[in-house]
Amino acid sequence: MDEPTLDTAVIMSEQVVIDGNLTALSLHSDGNLRWVDDGKDRCLNLEKEVIGVSLEDSRIVVKCAVESGGGVVCCKSRVKRTTFNFQPCSQDFREIWLQKIREYLDSLGMLRRLSHGLCCFLVLLYWVEVADDGDWITWSS
């Protein structure tokens, strides 16, 4: 997950439940979701790390592919599939959060589709090794 920066406008902010804890979650104009977890500032970049968003019961589920390690092509890189779940305090806010996140993802338009397509193409070109736990995908040239 990206390092948080605080120099962008807040699109939306609300108290939500994350892992059973009430915390402030905000969506910023740079496409980052920001919150505090165990005293640490956390950040999830919608453009770089989010694959999709869905609604499950009263929770919003953000599906992610988070990179760790070196660069994608020139050396080994690991991408971990994960989800980020949060529960807004009301049904109205649940719908608004879902709408705002989808609007931001849709605003990325063609560039996001090309980026996703390029990533899929690179996976086909390079040897793919899946670790024992099934959550890590490692590729190298």
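Read the figures in this text as sums done on the coordinates, not as results from a lab. These numbers come from a predicted model, not from an experiment. Note that each Cβ is placed from the backbone with ideal geometry, even for glycine, and that neighbours are counted across all protein chains shown.
Suppose the chain between GLN15 and ARG81 were pulled fully straight at 0.36 nm per residue; how much longer would it get relative to their current alpha carbon spacing?
21.2 nm
The listed peptides 83-94, 26-37, ordered by packing as a protection proxy, come out as 26-37, 83-94 (highest mean of other Cβ atoms within 10 Å first).
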